[in-house]
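What follows is a set of notes on a single structure, which appears directly below.
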Amino acid sequence: MSASTTSLTLKGHDILFPPLPYDMHARADLATGDDQLQRFINNATLSKDLQRREVCAQTFGDNYDAMRSLAAEIKQHTLDHLDHYLEQFVDAATGTGAHVHFAATAQQANEICVGIAKREKLTQCVKSKSMVTEEMRLVPALVKVGVEVVETDLGEFIIQIDDDAPSHIVAPMIHKDRTAVARAFERELGSPYTENPQELTQIARNHLREKYRTADLGICGANFLVARTGSAVICTNEGNGRLCTSVPRVQVAIVGIEKLVPDMNHLAVLLKLLARSSLGQPITVYNHIMTGPKRKHELDGPEQMHIILVDNGRTEILREETREMLRCIRCGACLNACPVYRKLGGHAYGAVYSGPIGALITPMFKGLDKYPDLPHASSLCGACYEACPVKINIPKYLIQLRAQMVRRRITKWPDRLFYGLWGMSLRHPATYRFGGWVQKQMFRAKARAAGTAGRGDRYTDRGWLSKAPGPLAGWTRARDLPTPPSNSFRYWWKMRS
Amino acid sequence: MFSASSIQCDRSMIGFACAPGCHTLCCVNVSLFITCLTDTFYPRTGIAVVKVLEHLGCKVDFPEAQTCCGQPLWNNGFAADAKTLAKRMIRVFEDAPYVVTPSGSCAAMIRDYYGEMFEDDPQWREPAQGLVDKTYEFVEFLIKVLNVDLREHDVQWNGDVTYHYSCHLRGIGVTDEAERLMAQIDGLNYMPLEKKEQCCGFGGTFAMKYPQISGSIVNDKVDCISQTGTATVISNDAGCTMNLSGACRRAGCDVGFKSLAEVIAEGMGLIDVDVE
Ligand code: SF4
């Protein structure tokens, strides 16, 4: 079995951690051939993308672009002065009574979290959705030391009991439908089979309420950290994050260092854009701002609050040339807008982060040589850049990654030779014309042989190939190839003058 | 900027050369950047562009030393080779007041990336910016520079069409310009595509290296095209046209492809109506 096809047999979160270097073709073949998946993703992404456009147009009108620029500037400024804001955050958070930890790697972050669980003898954890914990593979690390972990985001919960893996930053079960949920609930929770969404939600709710009541550890991520106040902010639509972070005795927030914003007024701008960009909502239903553990006079809230700040490759991206990528607020708008994501879904990217932003940061986090397909599996159409609320120029950076692959010779030699020769031939009009002529003769001869040489005059008489040789074989695997007509534009111009 | 109805200035009407700084249409000199694909695969589009521009009063010039803008090399990471070609482009079009190209993606290559390419190169930064500032995609040029209103030119073209919006227009801020022009053509019935904003899946080498992905994206487009029931698709980017027409042919969707330049030229009676 090739490395590419082994990736098809993986289950659960291993789906997001395939053998490296990752070859995406097998999963891409599978996804594009799966009619059901095509329907789910197409419908979900299209409607979310449309909602985003409509709501943003309604709210911001002509100022949408200016709003995105402002958000981009806020994030960029914070990243440009990250050391300052980190320090400010740590001081403020410590002042509120929270414990702040630093983790350079995913492993360290896991060790810190596991350490807290062991020291406090915690055994039952409720967890809300967090991308960084996926990156770290935190859940298995906790399970290994005897902590039962329950995902409380409805989508993540279903993924968990179905031994599947999330496939979208915001909508983890975008690749599944109600029938899959109904079957999983029937099998794992012993509930009667139903496809009614209200009933399904109620079943999950009843199951989860019990878990909240008995949990002693609550784990969450954070959408933002506010430097001045030392607060962690989580945005959820189900209210599960709020329960996770207020009922259990010990609370741990695990957050990437790029999530900082200077102050509350900056937060307001980003919250406005996050809700609208991710689900086309005017505001996320629950915006939960946590500032420290339970105070002395308070009745509710965790006794201990820990914040683990995770680097895990981020300072590497913080280099000036690539810093912009860290502005990402994980809204998922670029995934919904992307024609490639709309055909593949998340799993084909072979990593925790999928879609355009995943194609960019996965090779940055894990190595270009480990994910050579990701920067290339894009038509560079720019829909992601247009959708991004913090204006990350994703196509530009994908091209930069491709250039890096050429420089580091990760690009294979036949490609380097081909482009080298092509580039040379384009440097002179004579070789350019000659190249064009050879190509034309070759194609036209083949079209004649296939009996498809065209009609029309000498400027439109193109033929067609349904099977082309060499690098063009990929082209004709999916569609026919037109051949050039007899005469070129240059010829016309010459004859005319 | 100009009014398309004032085709000639007073001086040129009586046979004199225009005064310096004269801004009527007869004094707009345009250099055509044909692009590799249009040159070889869609020469008729190039012919149409020349004839329409001339009909509108422009003087069109075609610098024969031009080759390629370097887009395929740049997009695949061969930045040094792309730069060599970019320098060549800048030199070839040095004296042109306007550079017009029938391809949105080649216009976007120049406008989006030539600046970045020579950011740190004091010798080339300015000339590069010069080319960036004067390069236009054909349809964009008609609207933004020539201020053309086709209703003043009696353009008659009978038939149902749909239109493919090429992604690279997004990058250069072109949105509904082609649709505005189509609305000014007599007899042309425009039926918009569903998922108009979605890419056709071309992406250069992407189409060859990831045929399963590119193929399923383009087939999506083919479905949308056949849903309109039109016989003609207007597509203004040679790459998109190759991809879309090839996929339509493979799927048995019997439609013809034309650029808007061809439709306008046919509608103005400048070239024969072609039934592909
Ligand atoms: S890159 Fe932009 S659009 Fe994509 S998830 Fe991040 S913030 Fe959202």
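The values are calculated or read from the model by the stated rules, or taken from the named source; none is laboratory data. Since this is a predicted model, take the numbers as computed values, not measurements. In this analysis, Cβ positions are derived from the backbone assuming ideal geometry, glycine residues included, and neighbour counts consider all displayed protein chains. Side chains included, ligands, DNA and RNA excluded: accessible areas come from the protein's heavy atoms. Shrake-Rupley method; radii C 1.70, N 1.55, O 1.52, S 1.80 Å.
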Worksheet item: Where a Cα-Cα gap under 17 Å defines reach, which lysines qualify for A:LYS144, not counting those fewer than 8 residues away within the same chain?
Response: A:LYS118, A:LYS121, A:LYS127
Item to complete: Note down, for the stretch A:1-117, the three equivalent ellipsoid semi-axes (square root of 5 times each alpha carbon gyration tensor eigenvalue), biggest first, whole angstrom.
Response: 36, 31, 14
Worksheet item: Once you sort the root eigenvalues of the Cα gyration tensor of the stretch A:53-209 as a ≥ b ≥ c, which label holds: rounded (a/c under 1.5), prolate (a/b larger than b/c) or oblate (the other case)?
Response: oblate
Fill in: Carbon plus sulfur fraction of accessible area for the protein assembly as shown, probe 1.4 Å, in percent
52
Worksheet item: Under 19 Å from the Cα of A:LYS370, which aspartates and glutamates turn up, not counting those fewer than eight places away in the same chain?
Response: A:ASP14, A:ASP23, A:GLU134, A:GLU135, A:GLU316, A:ASP415
Practice prompt. Within 10 Å of each Cβ in peptide A:168-180, how many partner chain Cβ atoms are there on average? Round it to a whole number, please.
Written response: 0
Worksheet item: If you find the alpha carbon centre of the stretch B:222-276 and of the stretch A:196-257, how far apart are they in angstrom?
Response: 53
Discussion item. Just to be sure I understand the model, the point goes 7 Å from the Cα along the line to the Cβ. What's the resulting B:LYS59 to B:LEU270 distance in nm?
Written reply: 1.8
Fill in: Diffusion coefficient, µm² s⁻¹, Stokes-Einstein with Kirkwood Rh over alpha-carbon pairs of the stretch A:328-431 at 4 °C and 1.567 mPa s
88
Worksheet item: Reported to two decimal places, what Rg/Rh ratio describes the protein assembly as shown when computed on Cα atoms with Rh from the Kirkwood expression?
Response: 1.02
Fill in: Percent of beta bridges antiparallel (DSSP, the stretch A:191-331, rounded to nearest 5)
40
Practice prompt. Quick one: angle between helix A:355-366 and the longest Cα principal axis of chain A, in degrees between 0 and 90, rounded to 10, please.
Written response: 80
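Counting only other chains, what is the mean number of Cβ atoms within 10 angstrom of the Cβ of each residue in peptide A:372-384?
6
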Fill in: √(5λ) per eigenvalue of the Cα gyration tensor, chain B, largest first, Å
30, 27, 14
Item to complete: Determine Rg/Rh for the stretch A:81-312; Rg is computed over alpha-carbon atoms and Rh is the Kirkwood hydrodynamic estimate from the same atoms.
Response: 0.96
Discussion item. Relative contact order for chain A: what percent, with Cα pairs under 8 Å and sequence separation of 6 or more?
Written reply: 18
Worksheet item: In whole Å, how far is the Cα centre of the stretch A:133-179 from that of the stretch A:6-31?
Response: 17
Response to the item:
Here, B:LYS195 and A:LYS144, labelled 7 Å along Cα→Cβ, have an inter-label distance in nm of 4.3
Discussion item. Using Cα springs under 10 Å in a Gaussian network model of chain B, which residue among B:ALA128, B:ALA265, B:ALA79 shows the largest mean-square fluctuation?
Written reply: B:ALA79
Practice prompt. For B:ALA183 and B:ASP133, calculate 0.36 nm times their separation in residues minus their Cα-Cα distance, and state this gained length in nm to one decimal.
Written response: 15.2 nm
Discussion item. Once each part is reduced to its C-alpha centroid, what is the distance from the stretch B:70-112 to the stretch B:116-195 in angstrom?
Written reply: 17
Worksheet entry | At R0 = 45 Å, FRET efficiency that the Cβ-Cβ distance of A:THR431 and A:GLN107 yields, to 0.05 | 0.25
Item to complete: Mind giving me the nanometre distance, one decimal, between the label points for A:ASP177 and B:GLN156, set 7 Å out from Cα along Cα→Cβ?
Response: 5.2
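On a full-extension model of 0.36 nm per residue, what is the gain between A:GLU54 and A:ARG295, subtracting their alpha-carbon distance, rounded to one decimal in nm?
Taking 0.36 nm per residue and subtracting the Cα distance, the gain is 82.5 nm.
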Practice prompt. Using a 1.4 Å probe and counting only protein heavy atoms, arrange A:HIS347, A:HIS168, A:HIS84 so the residue with the most accessible area comes first.
Written response: A:HIS84, A:HIS347, A:HIS168
Fill in: Highest-fluctuation residue, B:GLN227, B:GLN71, B:GLN129 considered, GNM on chain B with Cα pairs under 10 Å
B:GLN227
Fill in: Cα long-axis angle, helix A:197-214 against chain A (0 to 90 degrees, to the nearest 10)
50
Discussion item. Out of all Cα-Cα pairs in the stretch A:414-496, roughly what percent, to the nearest whole number, are more than 16 Å apart?
Written reply: 60
Item to complete: Specify the angular offset, from 0 to 90 degrees and rounded to the nearest 10, of the alpha carbon long axis of helix A:264-279 from the longest principal axis of the alpha carbons in chain A.
Response: 60
Discussion item. Checking the table A:LYS412/B:LYS221; A:LYS75/A:LYS396; A:LYS343/A:LYS412 against a 21 Å threshold on Cα-Cα, which pairs fail?
Written reply: A:LYS412/B:LYS221; A:LYS343/A:LYS412
Discussion item. For chain A, give me every cysteine whose Cβ has no other Cys Cβ within less than 4.7 Å, ordered by residue number.
Written reply: A:CYS56, A:CYS113, A:CYS125, A:CYS220, A:CYS235, A:CYS244, A:CYS328, A:CYS331, A:CYS338, A:CYS388
Discussion item. So if I take the alpha carbon set of the stretch B:163-222, get Rg, then get Rh from the Kirkwood formula, what is the Rg over Rh ratio?
Written reply: 1.06
Worksheet item: Given that compact globular proteins tend to follow 2.2 N^0.38 Å, what is the ratio of the alpha-carbon Rg of the stretch B:235-276 to that value?
Response: 1.26
Worksheet item: Using Cα pairs under 8 angstrom and six or more residues apart, how large is the relative contact order of the stretch A:414-496, in percent?
Response: 23
Worksheet item: aspartates and glutamates within cross-link reach of B:LYS134: Cα-Cα under 14 Å, excluding same-chain residues under 8 positions apart?
Response: B:GLU94, B:ASP95, B:ASP112, B:GLU126
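Remind me, relative contact order of the stretch A:81-312 in percent, using alpha carbon pairs under 8 angstrom and six or more residues apart?
Relative contact order of the stretch A:81-312: 29 percent.
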Worksheet item: How many Cβ atoms of partner chains, on average, are near each residue of B:196-207 if near means within 10 Å of its Cβ?
Response: 6
Discussion item. Mean-square fluctuation check for chain B, GNM, Cα pairs under 10 Å: which of B:ASP120, B:ASP223, B:ASP133 is largest?
Written reply: B:ASP120
Response to the item:
Counting only backbone N atoms under 19 Å from a point 7 Å out along Cα-to-Cβ of A:ARG455, the residues of the stretch B:233-276 in range are B:233, B:246, B:249-250, B:252-258, B:272-276
Worksheet, complete the sentence: Rounded to whole angstroms and listed largest first, the alpha-carbon spread of the stretch B:154-267 along its three principal axes comes to 45, 33, 22
